[in-house]
Every structure is written in structure tokens, then in C-alpha cells.
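Since every read-out is calculated from the coordinates, none of them should be taken as a lab result. The structure displayed is predicted, hence computed values, not measured ones. No Cβ is skipped: glycine too gets one built from the backbone with ideal geometry, and neighbour counts run over all protein chains shown.
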Amino acid sequence: MSSAIFVYWVVLALCLVQAAAFFALYHFDRVNRPAVSFGLAFAAAGFSFGGEIVLATGFAPSATRMVIAVAMVAMFIFVADGLARRYRVGLSRGGGLAIGAASALLYLMILDLPRADFTRQMLYQLPYGLLSLLALSIIWRARDKVRADWLVMLLFALMAVHFPAKPFVALWTGGVGAEPSGFAATSYAALSAVSGAVLIVTLAMVALGMMLSDSAARIIRNSERDAQTGVLTRAGFAHHAARHLAGAAPNLADPAAGDLALILLAMDLSGRPHALPVVALAECLGAGAPRDALVGRMAEHDFAVLVPGANLFAARALADSFRAAAAEDPALGAVTLSIGITEREPGDVYAEMLARALWALSQAQRSGGDTIRLAARSGFGLAAGTK
């Protein structure tokens, strides 16, 4: 067994394992449609590498060479489809079929030309290079690219250079062999197999990493959402609120200005049925809160809103708008709300803000409900205690 054939067997096995991994991922996360495209892509790649093994036996060389070439084109088309789905970039499915048909026609025209012909070798690699650029362009057109996206673009740029360079490598290493069955025994075949294997396996691992990351992020988002109302759960709200506090520095130059306010709202239960319209209230809060605010469900009838860029008085105005909207919404049945508000202080952590807001909420409920109470700054309490 030549070194090239050994590499082909290894890559074939890896491609099939990767394809199975993508299909298994889709089985557990049906929203992850790009995983299907990538699974088909690496199944096609495995088919192409399997064809290289068959070609070395001398079986039906013309048909086998066609299968090898078209299967690799199919891999790139499926990869482009998966990227377009993942990055939400428009890509015509008819365009993919047209590329596949044009590539198949090209291979029908050139595969019977002399194997040593440099033009034939360059035309053979041309679709792969162009499809690598197509994949790169899809990511380029995506919005909000992160560092990992640029690294994937670099990988496709390397592939776009790799394929057109192969005819030059063939010239340098002594050619591609006089007959198709003798290709695997050439030095070029070994170099081509190793370099192609590295790129294909790297692409497979990167794509699988992206799909796993997307599914994990989706699972985390779903686990942080209340199933009934769609807002953040108590744990999800605490997690994101803590990140807000850690990511934004307090306004030390003007402590009275405030930069983050926490509003706790409780539906007043006195004289009302136990099954209160919590879904309608969640929708009311979501519609009335600023776009950058966090809305969470803290208990069965209790909600919280974290408002960036607001002090006590801005939060009080927002809370008044919540009360007015709740009173006017027919779906809420003129429900009344008890509300407690606090604002961030220098050095605050989320637990400290929550404790002050809970105190203010308890004061609102003790006063009979349907009212708002503000939590005094901790400094005022300390000053009062020293008199």
C-alpha cells in the first residue's frame, strides 16, 4: 500500500466520522439546519477520497475519475450552503446546481486529455479554487464578524491558493503518472493527499466547532428563558445582570447621576384570582422597557427590569408607565402592581442591588400595594446610623 492510499483511507474514515457527527448534532438540535449541509459535505468528501482508493485498483477509471471530481465539487457546494445558512447570507440553490452542472461538463471535456497537460491540470483544479472563494465571500458578506470568522476566511483563502498551485507542484515532483491507476504511486499523489487531508480535516473540525458552538449557545439561551412568558428566568436574569454590572463602570464623577437601575414588580394578589395574567404582563413589560433593558421573571407573579443608563427618577418614570399600561391593558384586567426600585452604587454587585430593591418592594406591598417605593442609597442609611 502506497503512502497516498494510506492517507486516503485515513481521511475517508475521518470524513465519515465527521459526517456522522454533523447528522447526530442535527438529530439533537433540529434548529441547526446548517449541520445537515455540512454532514452532506463531508459525506461527499468521503465519497471522493473513496474514489481515489478505487482508482488505484484500475476499476472503471473514466467513471471513477468523474465521481472523484464531482463529489469534491459537491462537498464545496454543500459547505457553501451550510455557511450561507449559518451566516444568514442569501445563496441561490439553483446557483449551486448550476455550478455543479458546469463543473461536471468541464470534467467531461478535460478528463480524457493527456494527463501531463498543464492546462488540463489547471482546469481540473479551477472549480475547487473558485468554490473556495465563494465560501470566503459568504463569510465576508456576513454582518458582525468575530475573530473566529476571520480565521475561517483565512482557511478558505489558503484553499483558494492551494488548488491552483497543485499543477505547479505536479511539475516540480515529476508529474501525475502516465495512467490513472498509477497516480497513487507518484510523489505528487503523496503530497497532494497529505496537504488535501490537512485542509479537509481542518475545515471539518472548524465547521463542527461552529455548529457545536451555535447549538450550545441556543441551549443556554433556551435554558435561561421562562417557558410560559419567554422572558429571562430568575437564574438567567441574575447571570446577565451580573455581567452588566461587571462590564460597566459606575459614574464616580457624579454619583447622583446613576447609571443602572433595578425595578422589581409584583402583581397585587389581594381579592384577585390566583391565575393572574402573567403572560400579558410579561408582554407589557417587554413592550415598554428600553431595547437594552433586561426583563426577567423572579417568581410566579413577580418580575424584574434592569435598565442601563437610568437613575432612581428615570426608573420611577418608567415604572409609572408600566403601571399605566397595566391598568389600560384589557388582557391584564386592570391589575395593580407593587414596585420597588433601586439604582447602582459604586462597588455594587447584583446581590446588593437586589437586596435593596426587595426591601423597597416589601415597603410598597406593606403600604397596601398599587404603589412605588424607592430604595434609599446605602450611604444615607449609614449617615443616619451615625447621628
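For the stretch 296-367 and the stretch 211-231, write down the distance between their C-alpha centroids in whole Å.
Taking the Cα centre of each part, the stretch 296-367 and the stretch 211-231 sit 25 Å apart.
How many angstrom lie between the Cα centre of the stretch 65-122 and the Cα centre of the stretch 1-59?
17
Quick one: the Cα spread of the chain along its three principal axes, in angstroms, biggest first?
98, 46, 32
Can you tally the net charge around E283? Count Lys and Arg as +1, Asp and Glu as -1, for every other residue whose Cβ sits under 13 Å from the Cβ of E283.
Net local charge, E283 excluded: -1.
Report the net charge of residues surrounding L361, where surrounding means a beta-carbon distance below 12 angstrom and charges are Lys +1, Arg +1, Asp -1, Glu -1.
For residues surrounding L361, the net value is +1.
Convert each backbone phi in the stretch 121-126 into a coupling constant with the Karplus relation 6.51 cos²θ - 1.76 cosθ + 1.60 (shift: θ = phi - 60°), then list the ³J(HN,Hα) values in order as whole Hz, x for Gly and Pro.
Karplus values, whole Hz, x for Gly and Pro: 5, 5, 5, 5, 7, 4.
Alpha carbons only, please: Rg and Dmax for the stretch 3-223, in angstrom.
17.6, 61
Could you work out how much longer the chain between L212 and H27 gets when fully extended? Use 0.36 nm per residue separation minus the Cα distance between them, nm to one decimal.
Difference between extended and current length: 65.3 nm.
I want to verify a result. In a Gaussian network model of the chain, Cα cutoff 10 Å, which of these has the top mean-square fluctuation: S321, S37, S132?
S321
Helix-only estimate, please: 222 nm mean residue ellipticity of the chain, summing -39500 (n - 2.57) across DSSP H runs of length 4 or more and dividing by its residues, to the nearest 500.
My calculation for the chain gives -22500 deg cm²/dmol from helical runs alone.
Along the Cα→Cβ direction, 7 angstrom out, place labels at S3 and A299. What is the inter-label distance in nm?
Computed distance between label sites S3 and A299 equals 7.2 nm.
Work out the length of the dipole vector of the chain about its Cα centre, built from +1 on the beta-carbon of each Lys and Arg and -1 on the beta-carbon of each Asp and Glu, and round it to the nearest 20 debye.
Values: 30 positive and 26 negative charges, 57 e Å.
The calculation lands at about 280 debye.
Please name which of F49, F76, T119 has its Cα lying farthest along the dipole of the stretch 3-223 towards the positive end, using unit charges on Cβ (Lys, Arg +1; Asp, Glu -1) and the Cα centre as origin.
Value computed over the given set: F76.
Below 8 Å between Cα atoms, with a sequence gap of 6+, how large is the relative contact order for the chain in percent? Present the calculation step by step, with values, prior to reporting the outcome.
Details: 563 pairs, mean separation 49.5, N = 387.
It rounds to 13 percent for the chain.
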